[in-house]
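Shown next, in structure tokens, is the structure this report addresses.
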Amino acid sequence: MFLNSRTKPKELKFYEALNRRCRLSQEEERKLAVLRKGYEGEREYDSVFDEAGHENLLIYRDVWMKIEDATLQIDALIITENSLIVNEIKNYSGFYSFDNDGWMIRDVQISADPLAQASRTGNKLLKLRYLLQQNFSRQFKVIFVNPEFNLEAAPGYDRNIIKRSTLRHYMKNLNKMYAGPQAYEMSEQIKEFFIDDPMILPEIDINRIRLGNYCFNCGSFSLEMRKFYAVCRACGSKETLEKMFVRGLMDYSFIFWNEPMTSSKIGTFLMDSLKPRTIRRMMNTYCHKSGDSRSTSYKIKNTELEKLLLDNNYTSKYETDIRFKKVKL
Ligand SMILES: [Zn+2]
């Protein structure tokens, strides 16, 4: 069973928010495309696992860990009664070959070596044997989820590689393993080593950013503001001001991820589309507050829009999305 949900990585949220509010450089566009493809691959992996079944396993998805001096990121960490299994998920497509000299795509050497990466991660987990006082074996596999991935590997080299054609079979076999008391205990102990995504992202000059609000449906910044909702002049979509404001808060948090968020900065960011009093009220609802009254800074309570709204009892009679619609009693 999955022990946590898989959410978009911080870096992907950053580039997506940036893409909504400015023209990306070629390098940024490339980065965004790679991150999107990677995340799609991970979602695909999850859905194949759902079909194959995973009720006998304990699985953490996309976790960052710090074990002594080592920082590691694991796409899927599978815990059974006496083993830890690392799955490194790759959404590569095209023709690859792999031998002693490393990985090549159409005869061009590539710098990333997914097998070495997965093996290093697996080895770092071995330190947990003495830190947790648990005995377990560790395995690692690189999972190529894309059916368009072709690999030519010298015999024996593909031992730790699972291709899409055998993925379901691999997962079904995993699910024949067993997670008993030791596995549950380890899954709790391992949590102690989890850390927040430590990725350092680029700093963005605010002059590059388009300020104000945009349509959730088509991205147009041309909106007609009414008292409680806005109407998109381009596509006619309607959205409540509250939900639009929360999206703005999220964009700010993703793009300026290392700057304290204040109500006046948000006011500027959204071109003062709401009254300062309304902004503060909404920030109190959707953010955690820190600092004193002269320098209050805010941090959004959750980085998933739907969860952030639902957890904070957002409803509106102007809402078109059924999940948030206020029902008349
Ligand atoms: Zn629109």
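Going residue by residue through the stretch 190-200, is there one that turns out to be in contact with an Asp or Glu (Cβ under 9 Å, 6 or more places away or on another chain) and more than 16 Å from the ligand (Cβ to nearest atom)?
Pass one, the stretch 190-200, residues in contact with an Asp or Glu (Cβ under 9 Å, 6 or more places away or on another chain): 197, 199.
Checking the rest, the ones that are also more than 16 Å from the ligand (Cβ to nearest atom) come to 197, 199.
Yes; the residues of the stretch 190-200 include at least one that is in contact with an Asp or Glu (Cβ under 9 Å, 6 or more places away or on another chain) and more than 16 Å from the ligand (Cβ to nearest atom).
Condition first: open to solvent by less than 60 Å² (accessible area, probe 1.4 Å), within 16 Å of the ligand (Cβ to nearest atom) and either touching a helix residue (DSSP H, G or I) at 6+ places or on another chain (Cβ under 9 Å) or under 30 Å from Met199 (Cα atoms) (or both). Can you find one or more residues in the stretch 252-262 that meet it?
Of the residues in the stretch 252-262, the ones open to solvent by less than 60 Å² (accessible area, probe 1.4 Å) are 252-256, 261-262.
If we keep only those that are within 16 Å of the ligand (Cβ to nearest atom) as well, we get none.
Within the stretch 252-262, none of the residues are open to solvent by less than 60 Å² (accessible area, probe 1.4 Å), within 16 Å of the ligand (Cβ to nearest atom) and either touching a helix residue (DSSP H, G or I) at 6+ places or on another chain (Cβ under 9 Å) or under 30 Å from Met199 (Cα atoms) (or both).
What strands (runs of 3 or more DSSP E) lie completely within the stretch 1-112 and have 1 or more residues being in contact with a helix residue (DSSP H, G or I) (Cβ under 6 Å, 6 or more places away or on another chain), open to solvent by less than 40 Å² (accessible area, probe 1.4 Å) and not assigned by TED's automatic domain parsing to the domain that holds Asn258?
On the way: elements: 58-67, 70-79, 83-90, 94-99, 102-105.
Correct list: 58-67, 70-79, 83-90.
Within the stretch 311-320, can one find any residue that is buried (at least 19 other Cβ atoms within 10 Å of the Cβ) and within 23 Å of Pro202 (Cα to Cα)?
No - not one qualifying residue is present in the stretch 311-320.
Does at least one position in the stretch 120-131 carry a residue that is farther than 23 Å from Asn56 by Cα and of a type in the set (Gly, Ala, Ser)? Explain how you work it out, then say what you get.
Initially, the stretch 120-131 is screened for residues farther than 23 Å from Asn56 by Cα, giving 120-121, 123-124, 127, 130-131.
Then keep just the ones that are of a type in the set (Gly, Ala, Ser); that gives none.
Scanning the stretch 120-131, I find no residue that is farther than 23 Å from Asn56 by Cα and of a type in the set (Gly, Ala, Ser), so the answer is no.
Output the number of the condition that Asp251 fails; it satisfies all remaining conditions of (1) at pLDDT 95 or above; (2) in contact with a strand residue (DSSP E or B) (Cβ under 7 Å, 6 or more places away or on another chain).
Unmet condition: (2).
Restricting attention to the stretch 265-307, which residues are touching a residue at least 12 places away in the same chain (Cβ under 8 Å), farther than 28 Å from Arg6 by Cβ, open to solvent by 90 Å² or more (accessible area, probe 1.4 Å) and of a type in the set (D, E, K, R)?
Answer for the stretch 265-307, where residues must be touching a residue at least 12 places away in the same chain (Cβ under 8 Å), farther than 28 Å from Arg6 by Cβ, open to solvent by 90 Å² or more (accessible area, probe 1.4 Å) and of a type in the set (D, E, K, R): just Arg280.
Kindly provide the set of residues from the stretch 235-244 that are within 16 Å of the ligand (Cβ to nearest atom) and in contact with a Leu (Cβ under 9 Å, 6 or more places away or on another chain), ordered by number.
Applying the first criterion (within 16 Å of the ligand (Cβ to nearest atom)) to the stretch 235-244 yields 235-241, 243-244.
Matches in the stretch 235-244: Glu239, Leu241, Lys243, Met244.
Just to be sure before I move on: is Arg247 open to solvent by 20 Å² or more (accessible area, probe 1.4 Å), within 16 Å of the ligand (Cβ to nearest atom), in the same structural domain as Glu306 (by TED's automatic domain parsing) and assigned to a loop (DSSP other than H, G, I, E, B) in the structure I sent?
In short, no.
Looking at Phe221, Phe228, can you tell me which residue is at pLDDT 95 or above and more than 18 Å from Ile85 (Cβ to Cβ)?
Working: Phe228 fails: at pLDDT 95 or above.
Just a single option satisfies the conditions, and that option is Phe221.
Would you check which residues across the stretch 218-229 are surrounded by 19 or more Cβ atoms within 10 Å (Cβ to Cβ) and either within 24 Å of Ile204 (Cα to Cα) or near the ligand (Cβ under 10 Å from one of its atoms) (or both) and list them?
Here is the first cut: in the stretch 218-229, the residues surrounded by 19 or more Cβ atoms within 10 Å (Cβ to Cβ) are 223, 229.
Across the stretch 218-229, the qualifying residue is only Leu223.
Quick one: is Lys127 of a type in the set (Lys, Arg), buried (at least 20 other Cβ atoms within 10 Å of the Cβ) and assigned by TED's automatic domain parsing to the domain that holds Arg164? Working first, answer last.
Details: of a type in the set (Lys, Arg): yes; buried (at least 20 other Cβ atoms within 10 Å of the Cβ): no; assigned by TED's automatic domain parsing to the domain that holds Arg164: yes.
Spelling it out, it is not the case that Lys127 is of a type in the set (Lys, Arg), buried (at least 20 other Cβ atoms within 10 Å of the Cβ) and assigned by TED's automatic domain parsing to the domain that holds Arg164.
Here are the criteria: (1) in contact (Cβ under 8 Å) with a residue 12 or more places away in the chain; (2) not in a strand (DSSP E or B); (3) not β-branched (Val, Ile, Thr). Tell me which single one Ala230 does not satisfy.
Result: Ala230 fails condition (2) only.
The values are calculated or read from the model by the stated rules, or taken from the named source; none is laboratory data. For clarity, every value in this text was computed on a predicted model and none was experimentally measured. Heads up, the Cβs are rebuilt from the backbone with ideal geometry, glycines too, and the neighbour counts pull from every protein chain shown. Side chains included, ligands, DNA and RNA excluded: accessible areas come from the protein's heavy atoms. Shrake-Rupley method; radii C 1.70, N 1.55, O 1.52, S 1.80 Å.
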